[in-house]
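Okay, so here's the structure we're looking at.
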Amino acid sequence: MHPAPAFHVEHRAVLLDFLRAHPFVTIAASVGGRPMVAQSPVVIRELDGEIALDFHLSRGNVLTPHLTQGFRAVVLATGLDAYVSPDWYESADQVPTWNYQSVEAEGSVAPLDEAELIALLDDLSAQEEARLLPKTPWTRDKMKAGKFEALLRGIQGGRLFVERLEGTFKLSQNKSDADRLGAVRGLGDHPIANLVRDLP
C-alpha cells in the first residue's frame, strides 16, 4: 500500500465493492521462507460478521500443497491504472507518476472441504455469469454426468480469513486543482480520468 494518507482507503463497504468488481486476485505468501504467488478469482463470504475470500487453485499450483496445513497470505486486487506525465501539470518541476487503484486483504488461509469447494464453484459461476446478462447463465447442469466430478479432482479450494483490509486509490489527490485538471485533460478518454475528475 502507498504510505501517503491522501490515497489510503479503509471504508469497508468501498473496499468490498472494489473486490466484487475486481475478483481476479493475486495471492502472495511466504511458506518455508520461499515467496510464492498464485492467481485466482474469489468469492466474498460474510461469516458471522467476519469477511473471508474463497478461492481455488490447480493441484499443480505451487501453493496448493501448503493449503492442508494453512499459511498466511496477502491478496491483492488491482483495478484501473495510468501513467501521468508531468507535462500535463500546470505546476513546474513535477515528476512522472502513476495513478491506480488496489485493495489488499491479509489473513490466514485454510483449506475448503469438498462441499465448500463445490459451493464456491457454483457461486463463482453465478457471480460471473451475472455480469453477462441478458445471456442465459451457464451452470454445471449443462455438463455430462461425471465430468464435473472428474474435473473437481484437479483443484483444491482455500479460504482467506480477512484480518486486514485496506486500499490505495491514488488519483492525484495530492495535486492542486489545476494540476488535477491538467492530468484529466492529458489522460483524455482513459477511464481513470473520470475518477480523478470526480474526486470530492
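The values are calculated or read from the model by the stated rules, or taken from the named source; none is laboratory data. All values derive from a computational prediction rather than experimental measurement. Backbone-built Cβ (ideal geometry, glycine too); neighbour counts: all protein chains shown. Only protein heavy atoms, including side chains, enter the accessible area calculation; ligands, DNA and RNA are left aside. Shrake-Rupley method; radii C 1.70, N 1.55, O 1.52, S 1.80 Å.
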- [ ] Looking for whichever is among the hydrophobic types (A, V, I, L, M, F, W, C), more than 30 Å from GLY186 (Cβ to Cβ) and modelled with pLDDT under 95 here; the options are VAL43, VAL31, VAL37. Which one fits?
- [x] VAL31
Open item on the list: Taking the criterion of being open to solvent by less than 50 Å² (accessible area, probe 1.4 Å), over 30 Å from ALA183 (Cα atoms) and in contact with a helix residue (DSSP H, G or I) (Cβ under 7 Å, 6 or more places away or on another chain), would at least one residue in segment 95-109 satisfy it?
Closed with: no
TODO: Determine whether segment 111-125 contains at least one residue that is within 21 Å of the chain's Cα centre (by Cα) and not in a helix (DSSP H, G or I).
DONE: yes
Open item on the list: Residues to consider are ASP48, ASP54, ASP81; find the one that is farther than 21 Å from VAL25 by Cα and either open to solvent by 50 Å² or more (accessible area, probe 1.4 Å) or in contact with a Gly (Cβ under 9 Å, 6 or more places away or on another chain) (or both).
Closed with: ASP48
- [ ] Considering every residue within segment 122-139, establish whether at least one is open to solvent by 50 Å² or more (accessible area, probe 1.4 Å), touching a residue at least 24 places away in the same chain (Cβ under 8 Å), acidic (Asp, Glu) and within 30 Å of SER176 (Cα to Cα).
- [x] no
Open item on the list: Being over 25 Å from ALA77 (Cα atoms) and either loosely packed, with under 11 Cβ neighbours inside 10 Å or not aromatic (Phe, Trp, Tyr) (or both): is that true of LYS170 here?
Closed with: no
- [ ] State all residues of segment 76-94 that are in contact with a helix residue (DSSP H, G or I) (Cβ under 7 Å, 6 or more places away or on another chain) and closer than 20 Å to ALA178 by Cβ; if no residue qualifies, say none.
- [x] ALA82, VAL84, SER85, TRP88, TYR89, GLU90, SER91, GLN94
Open item on the list: Out of the residues in segment 22-45 meeting the condition of being open to solvent by 60 Å² or more (accessible area, probe 1.4 Å) and not in a strand (DSSP E or B), tell me which one is nearest to GLY157 (Cα to Cα).
Closed with: GLY32
Task: Residue list for segment 1-15, restricted to those being open to solvent by 10 Å² or more (accessible area, probe 1.4 Å) and part of a helix (DSSP H, G or I) - done: PRO5, ALA6, ARG12, ALA13, VAL14
- [ ] Select from segment 57-77 the residues that are open to solvent by 50 Å² or more (accessible area, probe 1.4 Å) and part of a strand (DSSP E or B) and list them in ascending order.
- [x] SER58, ARG72, LEU76
Open item on the list: Can you pull out every residue in segment 64-77 that is within 17 Å of THR26 (Cβ to Cβ) and in contact (Cβ under 8 Å) with a residue 40 or more places away in the chain?
Closed with: THR64, LEU67, PHE71, ARG72, ALA73, VAL74, VAL75, LEU76, ALA77
Open item on the list: I'd like to verify a number: residues in segment 110-121 that are over 30 Å from ARG34 (Cβ atoms) and open to solvent by less than 60 Å² (accessible area, probe 1.4 Å), how many?
Closed with: 2
Open item on the list: So, in segment 147-200, how many residues would count as being in contact (Cβ under 8 Å) with a residue 40 or more places away in the chain, of a type in the set (Asp, Glu) and part of a helix (DSSP H, G or I)?
Closed with: 1
TODO: Could you tell me whether ARG153 is closer than 23 Å to ALA38 by Cα and either open to solvent by 60 Å² or more (accessible area, probe 1.4 Å) or over 22 Å from the mean Cα position of the chain (by Cα) (or both)?
DONE: yes
